[in-house]
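*Asks:* Pasting in a structure now, in structure tokens, and then I'll have a few things to ask.
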Amino acid sequence: MVAFVISRLLQALPVLLVVALVSFALFTFVGDPVAAMLSQDATLADRENLIRLLGLDQPWYVQFWKFVGNALQGEFGLSYRLSRPVSALIAERAPATLELAFCAAAMTLCIGVPLGIFTGIYKDSWVSRVLLTVSLVGVSLPIFVLGMLLILVFAVQLGWLPSFGRGDTVQIGWWSSGLLTVSGLKALILPAITLAVFQLTLITRLVRAEMLEVLRTDYIKFARARGLSNRAINFGHALKNTLVPVITIAGLQLGGIIAFAIVTETVFQWPGMGFLFIQSVGAADIPVMAAYLLLISLVFVVINLGVDLLYYLVDPRLRAQR
Amino acid sequence: MSRPMGRLARFFDSDVWWSFRTSPTAVASALVALVCIGGAVLAPWLAPHNVLDLASVDLMDAFKPPFTEPGWLLGSDDQGRDVLSAVMFGGRTSLLVGICAVLFSTIVGVTLGLTAGYLGGTVDALLMRMADVQLTFPAFLVALLVDGIARAALPQEVHERIALAVVVFAIGISTWPAIARTVRGSTLVERNKEYVLAARVIGLTNLRIMATHVLPNVLGPVLVIATLNLGLAIITEATLSFLGVGVPPTQPSLGTLVRIGNDFLMSGEWWIAVFPGSALVAMVLSVNLLGDWLRDALNPRLR
């Protein structure tokens, strides 16, 4: 077990290293921080001084080492666009994104998995056929078009739900939560649905395919021959074995939710990290881009690691090999 | 079948054609795809107005509602551009970027997958490790990052000139690992077959064996992935353009049009955003349905 965890950690390292290099390259080679920080009438000596002060006269690997050290302490400098520390900006925006992503993920799993089981067990019923057709539309529906349609119907035509923003929030320490107020919850509904639909359709189709695959196997036929009830077969025997691939995809989907939160946040002007990132890309605000890049890769690496470990716990064959 | 048949006749006699003819979904989606592609490709000749020519646009024509005037079937936007024509020209850009991106990623994926699978060893380990690193991230995020980095790294006038190519590169590079992995898998199987050994015995070079002997036998699954990737590429391009970081505003795609229309959603001019959005969904849905059908038709296990 320990060896397994260590080998996975070692595999995760290169990913983080590559991302750190890309962020560092962005910082160092894109734009000229010295020109940006110096005033118009600065002398050549001022320039030399600043370069030495920023450590830009040192070899790149020394600079890289310092960059990593700073990054580990959450220090990314000032945003070019907003002139505020990047770490503060991100800490301020993170709760909004995390609440949105968590609600969307909960929705995806709580609706998608049961739908997949249903369409897998009753594969020939008309309800399943309708659900499958609808799910194909869901896969083909770009997330921003869906968000726009929801706004058009529920915000513009019916006027039931707000079309942008987070509503009222409550401060709990540094965390600002929109889950505790009515307007915050109302504001969350449309973005969460928008974010969940695509992932939901994917997971439904996946669980269905796995269910169909497992229900064809011999041990299920044997269970039927033993006269077990349908319920015991479907949930006790079949479902358990469909879960291994579902865990992988659910992990990937968590990543997908975080990536597509960028789009959802833009459509609904949700004050999260994704919206911040898109504004930074538009303005070539490199410190924010680099910080977001590093942070999100850390999240992805942790998710992948978690998935691998879950795998190990769920699938006894992996443990037996060692 | 004693008489030798031409390629076309053989195609019409094949299982694939039969499965296509008997599947209403496949025929219907092929028709929709044809309409979308036809409208997009022939836009300069079929569109009622040339929306790319700024001189022909008149602010007096702005905000015409749809289905009211014969020359303006789907209404007009805030600048007085005909929405139907804009959708046709926009579809052209979307389709162009989508197809180029898929071609690019397929060529890169097949080349790297074939090389990794055939040569094995260090090359294989290195390429697959690269794929692993990239697969840690969702494809959409990779495309967004590559596009964002190019935007920040290139001087503005250079970026404006090659913006379309940058988007194609960003989307193409985001999907190569899936193709490379598939191709590598089938190459590993093919590599040990007798015809490859025979080719090696008669002294053909590795390059020649890979390109003329192994390649044709590993392309089948690639076709399916490429079709499904086309839908994905069109969606990714539209999403990037919707976010304002995709194709340049001088060459609006369907995503750009939706973004423009999004600003008028609250004031009741819904048609500016809804028609480009619907065209996008129709295009992607038909391509995805065709891809789904193709996967089932080429998979002998399901027959």
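*Asks:* I'd like the carbon and sulfur percentage of the solvent accessible area for chain B, probe radius 1.4 Å, heavy atoms only, ligands and nucleic acids excluded.
*Replies:* Accessible surface attributable to carbon and sulfur in chain B totals 67 percent.
*Asks:* Quick one: which residues, 5 or more positions from A:Asp168 or on another chain, have an amide H under 5 Å from its amide H? H modelled 1.01 Å from N in the peptide plane, none for Pro or chain starts.
*Replies:* Those lying under 5 Å, H to H, from A:Asp168 are A:Ser183, A:Gly184.
*Asks:* Can you tell me the relative contact order of chain A? Whole percent, Cα pairs under 8 Å, sequence separation 6 or more.
*Replies:* 26 percent
*Asks:* Considering amide H positions built from the backbone, and no H for Pro or chain starts, which residues 5 or more places from B:Ser76, or on another chain, come under 5 Å of its amide H?
*Replies:* B:Phe63, B:Lys64, B:Val83
*Asks:* Restricting to Cα atoms and excluding each atom paired with itself, what does the Kirkwood estimate give for chain A in Å? Present the calculation step by step, with values, prior to reporting the outcome.
*Replies:* Numbers: mean 1/r = 0.0436 Å⁻¹.
For chain A, the Kirkwood estimate is 22.9 Å.
*Asks:* Now a separate question. Quick one: if you stick a label point 7 Å off each Cα along the C-beta vector at A:Ala283 and B:Leu204, how many nm between them?
*Replies:* Using points 7 Å along Cα→Cβ, the separation is 5.9 nm.
*Asks:* What's the magnitude of the charge dipole for the protein assembly as shown around its Cα centre, counting Lys and Arg as +1 and Asp and Glu as -1 at the beta-carbon? Answer in Debye, nearest 20.
*Replies:* 2840 debye
*Asks:* Once the whole set of protein chains is in place, how much accessible area is left on B:Leu228, using a 1.4 Å probe, in Å² to the nearest 10?
*Replies:* B:Leu228 exposes around 50 Å² with every protein chain in place.
*Asks:* Give the calculated FRET efficiency between A:Tyr311 and B:Val41 to the nearest 0.05, with a Förster radius of 51 Å applied to their Cβ-Cβ distance.
*Replies:* After rounding, the FRET efficiency stands at 0.60.
*Asks:* Per-residue ellipticity at 222 nm for chain A, helices alone: DSSP H runs ≥ 4 residues times -39500 (n - 2.57), over residue total, nearest 500 deg cm²/dmol?
*Replies:* The helix contribution divided over chain A gives -24500 deg cm²/dmol.
*Asks:* Run lengths n ≥ 4 of DSSP H only: what is the helix-derived mean residue ellipticity at 222 nm for chain B, with -39500 (n - 2.57) per run over all residues, to the nearest 500? Don't jump to the answer; show the numbers that get you there.
*Replies:* Working: 14 runs with 208 residues, N = 303.
That comes out to -22500 deg cm²/dmol.
*Asks:* Another question, if that's okay. With an 8 Å Cα cut-off and a minimum separation of 6 or more residues, compute the relative contact order for chain B in percent.
*Replies:* On the way: 418 pairs, mean separation 71.0, N = 303.
The normalised contact order for chain B reaches 23 percent.
*Asks:* In addition: So if I restrict to the alpha-carbon atoms in region A:38-140, what is the Rg, and what is Dmax, the biggest pairwise distance, in Å?
*Replies:* Over region A:38-140's Cα set, Rg and Dmax evaluate to 26.5, 80 Å.
*Asks:* In addition: Contact order normalised by length for region A:152-230, with contacts defined as Cα pairs under 8 Å and 6 or more residues apart; what percent is it? Each step should come with its number before you reach the end.
*Replies:* On the way: 50 pairs, mean separation 13.6, N = 79.
Contact order relative to length: 17 percent.
*Asks:* Sticking with this one: Please report, as a whole percent, how much of the solvent-accessible surface of region A:147-261 comes from carbon and sulfur atoms (probe radius 1.4 Å).
*Replies:* Details: 3760 of 5680 Å².
Answer for region A:147-261 is 66 percent, counting heavy atoms of protein chains only.
*Asks:* Return one quarter of the surface area of the convex hull spanned by the alpha-carbon atoms of chain B, equal to its mean projected area, in nm².
*Replies:* 21.2 nm²
*Asks:* By the gyration tensor of its Cα atoms, with a ≥ b ≥ c the square roots of the eigenvalues, what is the shape of the protein assembly as shown: rounded for a/c under 1.5, prolate for a/b over b/c, or oblate?
*Replies:* Values: a/c = 1.31, a/b = 1.14, b/c = 1.14.
The shape class here is rounded.
*Asks:* Moving on to the next point. A:Met107: accessible area at probe 1.4 Å, nearest 10 Å²?
*Replies:* 60 Å²
*Asks:* In the full protein assembly as shown, how much of A:Leu293 is accessible to a 1.4 Å probe, in Å² to the nearest 10?
*Replies:* Per-residue accessible area (A:Leu293): approximately 10 Å².
*Asks:* Still on this structure, I have one more. So what's region A:95-141 giving for Cα Rg divided by 2.2 N^0.38 Å, two decimals?
*Replies:* 1.41
*Asks:* Region B:120-153: which residues show an accessible-area loss of 40 Å² or more, assembly versus chain alone, 1.4 Å probe?
*Replies:* When all protein chains are present, B:Arg129, B:Val133, B:Thr136, B:Phe137, B:Pro138, B:Phe140, B:Leu141, B:Leu144, B:Leu145, B:Ile149, B:Ala152 each give up 40 Å² or more of accessible surface.
*Asks:* Please compute the net charge surrounding A:Leu254, taking Lys and Arg as +1 and Asp and Glu as -1 over other residues with Cβ under 15 Å from its Cβ.
*Replies:* Taking every Cβ under 15 Å from that of A:Leu254, the sum is -2.
*Asks:* Take B:Asp147, A:Asp124, A:Asp46 and sort them by solvent-accessible surface of the protein heavy atoms, 1.4 Å probe, largest at the top.
*Replies:* Greatest to least solvent exposure: A:Asp124, A:Asp46, B:Asp147.
*Asks:* Right, another one. Along the Cα→Cβ direction, 7 angstrom out, place labels at A:Phe164 and B:Leu219. What is the inter-label distance in nm?
*Replies:* 5.0 nm
*Asks:* Turning to a different aspect of this structure: I'd like the interface area for chains A and B: accessible area of each alone minus the complex, both sides summed, 1.4 Å probe, protein heavy atoms only. What is it in Å² to the nearest 100?
*Replies:* Chains A and B together bury roughly 3400 Å² of accessible area.
*Asks:* Between A:Thr43 and B:Leu154, what's the calculated FRET efficiency when r is the beta-carbon distance and R0 is 41 Å? Round to 0.05.
*Replies:* So the FRET efficiency works out to roughly 0.85.
*Asks:* Then there is this: How much length would be gained if the chain were fully extended between A:Leu82 and A:Val299, taking 0.36 nm per residue of separation minus their Cα-Cα distance, in nm to one decimal?
*Replies:* Details: separation 217, 0.36 × 217 = 78.12 nm, distance 2.49 nm.
The A:Leu82-A:Val299 span can extend by a further 75.6 nm.
*Asks:* In addition: Per residue, how much accessible area does the protein assembly as shown have with a 1.4 Å probe, in Å²?
*Replies:* Accessible area per residue, the protein assembly as shown: 50 Å².
*Asks:* Give me the distance in nm between label points sitting 7 Å out from Cα along the Cα-to-Cβ direction at A:Lys240 and B:Ile99, one decimal.
*Replies:* 5.3 nm
*Asks:* Right, here's the next one. Enumerate the lysines that A:Lys240 could reach by cross-link, defined here as Cα to Cα under 23 Å, with residues fewer than 8 away along the same chain left out.
*Replies:* Partners found: A:Lys123, A:Lys221.
*Asks:* What does the extension gain come out to for B:Asn50 and B:Asp263, with contour length at 0.36 nm per residue minus their alpha carbon separation?
*Replies:* My answer for the length gained is 74.4 nm.
*Asks:* If you don't mind, another one. Set the Förster distance to 41 Å, then compute FRET efficiency between A:Ser183 and A:Glu213 from the Cβ-Cβ distance, nearest 0.05.
*Replies:* 0.35
*Asks:* Compute accessible area for region B:242-274 by itself and then with all protein chains, 1.4 Å probe, and report residues whose area falls by 40 Å² or more.
*Replies:* Residues passing the criterion (a loss of at least 40 Å², heavy atoms only) are B:Phe242, B:Leu243, B:Leu265, B:Met266.
*Asks:* If you take every residue apart from A:Leu195 with its C-beta less than 15 Å away from the C-beta of A:Leu195, what net charge results, scoring Lys and Arg +1 and Asp and Glu -1?
*Replies:* After counting each charged neighbour, the total is -1.
*Asks:* Any chance you could run the full-extension gain for A:Arg129 through A:Val22? It's 0.36 nm times the residue separation minus the Cα-Cα distance, nm to one decimal.
*Replies:* 33.9 nm
The values are calculated or read from the model by the stated rules, or taken from the named source; none is laboratory data. These figures come from a predicted structure and were not determined experimentally. Methodologically, a virtual Cβ is constructed for each residue, glycine included, from the backbone with ideal geometry; neighbour enumeration extends over all protein chains shown. Just the protein is used for accessible areas: all its heavy atoms, side chains included, with ligands, DNA and RNA removed. Shrake-Rupley method; radii C 1.70, N 1.55, O 1.52, S 1.80 Å.
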